[in-house]
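Working notes, beginning with the structure itself.
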Amino acid sequence: MINDFNLNKKAQLLNSNIYNVKSRIFDVCNKIGRDLSKIKILAVTKNIDFEIINLLPEDVDFIGENRVQEFLLKSEKYKFAKNRIHFIGHLQTNKVKYIVDKVSMIQSVDSLKLAFEIDKQSGLIGKRMDILLQLNIGKEDTKFGFFEDEIQEAIYRISSKSNLKIRGLMTIPPKFDKSYYFGEMRRIYIDIKEKNIHNISMDYLSMGMSDDYEVAVYYGSNIIRIGKLLFDHLSEF
Ligand SMILES: *Cc1c(COP(=O)(O)O)cnc(C)c1O
């Protein structure tokens, strides 16, 4: 247990960390004429205790976990409404059934097999799941996701599934040349959006983490996923 004084300190620090992230996004928005209110912040809560997660203020739009087991242990204790909870990590098909009732979006759909399982499990509970398709934009062996030349067919095949709704794209870019890769993501995102494909709505481009969220916002991201920058140093209290 963490005592009240320390919880208060942590809450203050969290608020100021979020404020700092927001003001840096605001600066980027000002430079390029984007609307700050259109950019959502997702707090990545992996490895963070539920007591701290529950201190997150209202202006954090979403929270996201990336491991099923950890997520299941913590999710019962979240004070957050389900419509603010996303899953963002690689998901094995045999674990889909454990999370479909607990999240409002799965950002990390990286194969057709996974998409079809989410469709099936969502159907069983009468739900239509929002999903993002994850792109492996740098074609890295170490990362999951569709390659660019697979995405078109994936969208057509997934868009016929009645328990899924594609809401956009997600990526984790290579370490280097981020501007290039974020620019590529923007191009792909806009291309798909302009096709107005039946049954999908390209609302979200989820990219940008603690180290690169300003670049991502510059290139059109509207969900940034921030972990380290929000939660590091909290344990000092
Ligand atoms: C951990 C993680 C993040 C956040 O990374 P930080 O560097 O801690 O901001 C974002 N997205 C995914 C998918 C992650 O696993």
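Contact map, the range 103-126: first residue basic (Lys, Arg), second residue open to solvent by 30 Å² or more (accessible area, probe 1.4 Å), Cβ cut-off under 8 Å, separation 6 or more or different chains; pairs are Lys113/Thr93; Lys120/Asn163.
When Ile226, Ile197 are checked against the criterion of being in contact with a strand residue (DSSP E or B) (Cβ under 7 Å, 6 or more places away or on another chain) and open to solvent by less than 50 Å² (accessible area, probe 1.4 Å), a single residue qualifies: Ile226. Taken together, the residues in the range 211-237 that are under 16 Å from Asn15 (Cα atoms), small (Gly, Ala, Ser) and touching a residue at least 12 places away in the same chain (Cβ under 8 Å) amount to 1.
Taken over the range 71-94, the criterion of being within 16 Å of the ligand (Cβ to nearest atom) and either more than 17 Å from the chain's Cα centre (by Cα) or over 18 Å from Val44 (Cβ atoms) (or both) is satisfied by Lys74, Gln92. The set of residues in the range 23-39 being within 16 Å of the ligand (Cβ to nearest atom) and open to solvent by 60 Å² or more (accessible area, probe 1.4 Å) consists of Arg24 alone. Where strands (runs of 3 or more DSSP E) fall entirely within the range 137-237, those with at least 3 residues that are more than 27 Å from Ile125 (Cα to Cα) and either modelled with pLDDT of 95 or more or within 16 Å of the ligand (Cβ to nearest atom) (or both) are at 223-226. Of the residues making up the range 203-213, those that are open to solvent by 10 Å² or more (accessible area, probe 1.4 Å) and within 18 Å of Asp61 (Cβ to Cβ) number 4. Residue-level check: of (1) assigned to a helix (DSSP H, G or I); (2) open to solvent by less than 40 Å² (accessible area, probe 1.4 Å); (3) not aliphatic (A, V, I, L, M), Gly64 misses just (1).
Being touching a Lys or Arg at 6+ places or on another chain (Cβ under 8 Å) and either more than 13 Å from the ligand (Cβ to nearest atom) or of a type in the set (S, T, N, Q) (or both) is a property that does not hold for Leu132. Would you say Asp101 is open to solvent by less than 60 Å² (accessible area, probe 1.4 Å) and within 22 Å of Glu65 (Cβ to Cβ)? Criteria not met by Asp101. In summary, Ile53 fulfils each of the numbered conditions (1) open to solvent by less than 20 Å² (accessible area, probe 1.4 Å); (2) under 23 Å from Leu133 (Cβ atoms); (3) of a type outside the set (Gly, Ala, Ser); (4) without any contact (Cβ under 8 Å) to a residue 40 or more places away in the chain with the single exception of condition (2).
Just to be sure, is Leu56 under 18 Å from Ser16 (Cα atoms) and out of contact with any His (no Cβ under 8 Å at 6 or more places or on another chain)? Considered against the rule, which asks whether it is under 18 Å from Ser16 (Cα atoms) and out of contact with any His (no Cβ under 8 Å at 6 or more places or on another chain), Leu56 comes out as yes. In the range 118-127 there is at least one residue matching the filter, namely being charged (D, E, K, R), more than 17 Å from Arg67 (Cβ to Cβ) and open to solvent by less than 70 Å² (accessible area, probe 1.4 Å).
Residues that are small (Gly, Ala, Ser) and in a strand (DSSP E or B): does the range 118-127 have at least one? No, the range 118-127 contains no residue that is small (Gly, Ala, Ser) and in a strand (DSSP E or B). Let me spell it out: the conditions are (1) among the hydrophobic types (A, V, I, L, M, F, W, C); (2) open to solvent by 30 Å² or more (accessible area, probe 1.4 Å); (3) in a loop (DSSP other than H, G, I, E, B), and Leu72 meets all of them except one. Which number is the exception? Of (1) among the hydrophobic types (A, V, I, L, M, F, W, C); (2) open to solvent by 30 Å² or more (accessible area, probe 1.4 Å); (3) in a loop (DSSP other than H, G, I, E, B), only one is false for Leu72: (3). Within the range 81-98, the set of residues being free of Cβ contacts under 8 Å to residues at least 24 places away in the same chain, open to solvent by 20 Å² or more (accessible area, probe 1.4 Å) and among the aromatic types (Phe, Trp, Tyr) is empty.
The values are calculated or read from the model by the stated rules, or taken from the named source; none is laboratory data. This one's a predicted model, so the numbers in the text were calculated from it and none came from an experiment. Because the Cβ atoms are built from the backbone with ideal geometry, glycine has one as well, and the counts that use them run over all protein chains shown. All accessible areas refer to the heavy atoms of the entire protein, side chains included, with ligands and DNA or RNA removed. Shrake-Rupley method; radii C 1.70, N 1.55, O 1.52, S 1.80 Å.
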